[in-house]
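Colleague: Shown below is the structure under consideration.
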Amino acid sequence: MSSNSFGKLFTVTTFGESHGPAIGCVIDGCPPGLPIGTEEFRQDLDRRATGRSRYTSQRHEADEVEILSGVYEGQTTGTPIALLIRNTDQRSKDYGGIVSTFRPGHADYTYWQKYGIRDPRGGGRSSARETTMRVAAAVIAKKWLAERHGVHVRGYLAQMGEVTPDAFDWNAVEQNPFFWPDAEQVPALEAYVNALRKSGDSVGARVNVVADGVPPGWGEPIYGKLDGDLASALMSINAVKGVEIGDGFAAVSQRGSQHRDEMYLDGFTSNHAGGILGGISTGQAVTASIVLKPTSSILIPGHSVNLAGEPVEVVTKGRHDPCVGIRATPIAEAMMAMVLMDHALRHRAQCADVGVVGPRIP
């Protein structure tokens, strides 16, 4: 299978399957001298993990990172960094009934059509388990961005089904299992997810991600636009069916006089463009949103076909999320962080000695 690598200068290649012995990644292009230890991966991996609350899949993985190369005496050496996480809670028997059946809404059918073979255990390579290594790799990107440029990436669940936040508080996001910015709504979300699980159905979600402190000038026109690479990276996340930069599709109903972000010497008056113009960062916050489809693995019977070309009824059993968006926030943060680090290195390579000409708007 090709296309398992991401980035130009900060390059991440992931490998492994949901129910294989391990998953891992190789990170190439990380500058030397960045302090990093295994304990630094714990927080973000726990934020992404299943089984940490009753509202996600109950698969319990240890997610202990092993650093195999690229780090010496606690610092990156500039050589490829290899990370490994061993799978410890596979339950492959849950998938014994779908070995010869295509689950509707999953990649079973398309993988079979492309390769003529597939790993049915938890979706194999198409499982969201693969995103664990993206989050692990982004721990390095987040730290480098913060230390070298003061850039901080964070996200939150902005919509689950028809429910949207009534208020917004960044401090509330990390205080509940939904990454929800309104603490008073959390009990209602709990009841909502419990009802979903009881019904055997699922629902979609929207996640917003924001990078503060991004300097102006990152991004490469025409085919290396920052927003183009960001959209591609976010779209690569499992279950994502839509990406918006800034106001995104809301721009359809806006007038030019409303959408343009006017400038004064003391700053921009708005950020409808999401901090990117002409594919290059403006110095404002970089903002993006992703839409995730409802989980296809549900208990409600659905029509499909099997390998013999016969019609079948499918009920997917096992441990699944009633809403994959609940734990997608760290994954969206990871992809934005890796895109930004890649572009920071690309900008440094070509334009490190470019002086600021004219006013720089804060």
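The values are calculated or read from the model by the stated rules, or taken from the named source; none is laboratory data. Nothing here was measured: the structure is a model prediction, and the numbers come from that model. A quick note on method: Cβ atoms are made from the backbone with ideal geometry, for glycine too, and the neighbour counts reach across all protein chains shown.
Colleague: Out of the residues in region 91-117 meeting the condition of being at pLDDT 80 or above and β-branched (Val, Ile, Thr), tell me which one is surrounded by the most Cβ atoms within 10 Å (Cβ to Cβ). Before you say what the answer is, go through the steps one by one.
Modeller: To start, the set of residues in region 91-117 that are at pLDDT 80 or above comprises 100-117.
Still in the list and also β-branched (Val, Ile, Thr): 101, 110, 117.
Numbers: Thr101: 21, Thr110: 12, Ile117: 8.
Top of the filtered list is Thr101.
Colleague: Also: Read through the list (1) out of contact with any Lys or Arg (no Cβ under 9 Å at 6 or more places or on another chain); (2) at pLDDT below 90; (3) among the hydroxyl-bearing types (Ser, Thr, Tyr), then give the number of the only condition that Ser69 fails.
Modeller: With respect to (1) out of contact with any Lys or Arg (no Cβ under 9 Å at 6 or more places or on another chain); (2) at pLDDT below 90; (3) among the hydroxyl-bearing types (Ser, Thr, Tyr), Ser69 is out only on (2).
Colleague: Could you name every one of the strands (runs of 3 or more DSSP E) located completely within region 248-362 that has at least 1 residues being modelled with pLDDT of 95 or more and crowded, with 19+ Cβ neighbours inside 10 Å? Break it down into steps so the answer makes sense when it comes.
Modeller: Numbers: elements: 286-292, 302-305, 311-314.
It comes to 286-292.
Colleague: Oh, and also: Could you check how many residues of region 1-10 are touching a residue at least 40 places away in the same chain (Cβ under 8 Å) and either assigned to a strand (DSSP E or B) or surrounded by fewer than 21 Cβ atoms within 10 Å (Cβ to Cβ) (or both)?
Modeller: Residues meeting the conditions: 4.
Colleague: For region 316-335, does any single residue satisfy the condition of being among the aliphatic types (A, V, I, L, M) and farther than 24 Å from Val203 by Cβ? Give the derivation first.
Modeller: Start the filter on region 316-335 by keeping residues that are among the aliphatic types (A, V, I, L, M), which leaves 324, 326, 328, 331-332, 334-335.
Next, from what is left, pick out any that are farther than 24 Å from Val203 by Cβ: none.
No - not one qualifying residue is present in region 316-335.
Colleague: A further question on this structure: Can you find a residue in region 203-210 that is over 18 Å from Trp180 (Cα atoms) and among the polar types (S, T, N, Q)?
Modeller: Quick first cut of region 203-210, residues over 18 Å from Trp180 (Cα atoms) only: none.
No.
Colleague: Is there a residue in region 35-48 that is at pLDDT 95 or above, surrounded by fewer than 18 Cβ atoms within 10 Å (Cβ to Cβ) and among the small types (Gly, Ala, Ser)?
Modeller: The answer is yes; a qualifying residue exists.
Colleague: Select, from Val209, Val163, the only residue that is closer than 30 Å to Ser297 by Cβ, surrounded by fewer than 20 Cβ atoms within 10 Å (Cβ to Cβ), β-branched (Val, Ile, Thr) and at pLDDT 95 or above.
Modeller: Details: Val209 fails: surrounded by fewer than 20 Cβ atoms within 10 Å (Cβ to Cβ).
Result: Val163 is the single residue among Val209, Val163 that is closer than 30 Å to Ser297 by Cβ, surrounded by fewer than 20 Cβ atoms within 10 Å (Cβ to Cβ), β-branched (Val, Ile, Thr) and at pLDDT 95 or above.
Colleague: Okay, moving on. Please specify each residue of region 217-247 satisfying the condition of being aliphatic (A, V, I, L, M), in a loop (DSSP other than H, G, I, E, B) and surrounded by fewer than 18 Cβ atoms within 10 Å (Cβ to Cβ).
Modeller: Just the residues of region 217-247 that are aliphatic (A, V, I, L, M), to begin with: 222, 226, 230-231, 233-235, 237, 239-240, 243, 245.
Then drop every residue that is not in a loop (DSSP other than H, G, I, E, B), which leaves 222, 237, 239.
Matches in region 217-247: Ile222 only.
Colleague: May I pose another question? Looking only at region 74-88, decide whether some residue is closer than 29 Å to Pro120 by Cα, modelled with pLDDT under 95 and either of a type in the set (D, E, K, R) or not in a loop (DSSP other than H, G, I, E, B) (or both). First the steps, then the outcome.
Modeller: To start, the set of residues in region 74-88 that are closer than 29 Å to Pro120 by Cα comprises 82-88.
Those still in the list that are modelled with pLDDT under 95 too: 86-88.
Keeping just the survivors that are either of a type in the set (D, E, K, R) or not in a loop (DSSP other than H, G, I, E, B) (or both) gives 86.
Taking every residue of region 74-88 in turn, at least one turns out to be closer than 29 Å to Pro120 by Cα, modelled with pLDDT under 95 and either of a type in the set (D, E, K, R) or not in a loop (DSSP other than H, G, I, E, B) (or both).
Colleague: Pick from region 118-140 the residues that are in a helix (DSSP H, G or I) and modelled with pLDDT under 85: which of them is nearest to the chain's Cα centre (by Cα)? Lay out the reasoning, then the answer.
Modeller: Taking region 118-140 and keeping what is in a helix (DSSP H, G or I), we get 121-126, 128-140.
Next, from what is left, pick out any that are modelled with pLDDT under 85: 121-126.
Details: Arg121: 22, Gly122: 19, Gly123: 18, Gly124: 18, Arg125: 16, Ser126: 14 Å.
Selected residue: Ser126.
Colleague: Of the numbered conditions (1) out of contact with any Pro (no Cβ under 6 Å at 6 or more places or on another chain); (2) surrounded by 13 or more Cβ atoms within 10 Å (Cβ to Cβ), Ala172 satisfies every one except a single condition; which is it?
Modeller: The single condition Ala172 does not satisfy is (1).
Here's the yes/no breakdown for (1) in contact (Cβ under 8 Å) with a residue 40 or more places away in the chain; (2) assigned to a helix (DSSP H, G or I); (3) hydrophobic (A, V, I, L, M, F, W, C); (4) touching a helix residue (DSSP H, G or I) at 6+ places or on another chain (Cβ under 6 Å):
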position	(1), (2), (3), (4)
Lys142	yes, yes, no, yes
Arg148	yes, yes, no, no
Pro165	no, no, no, no
Pro177	yes, no, no, no
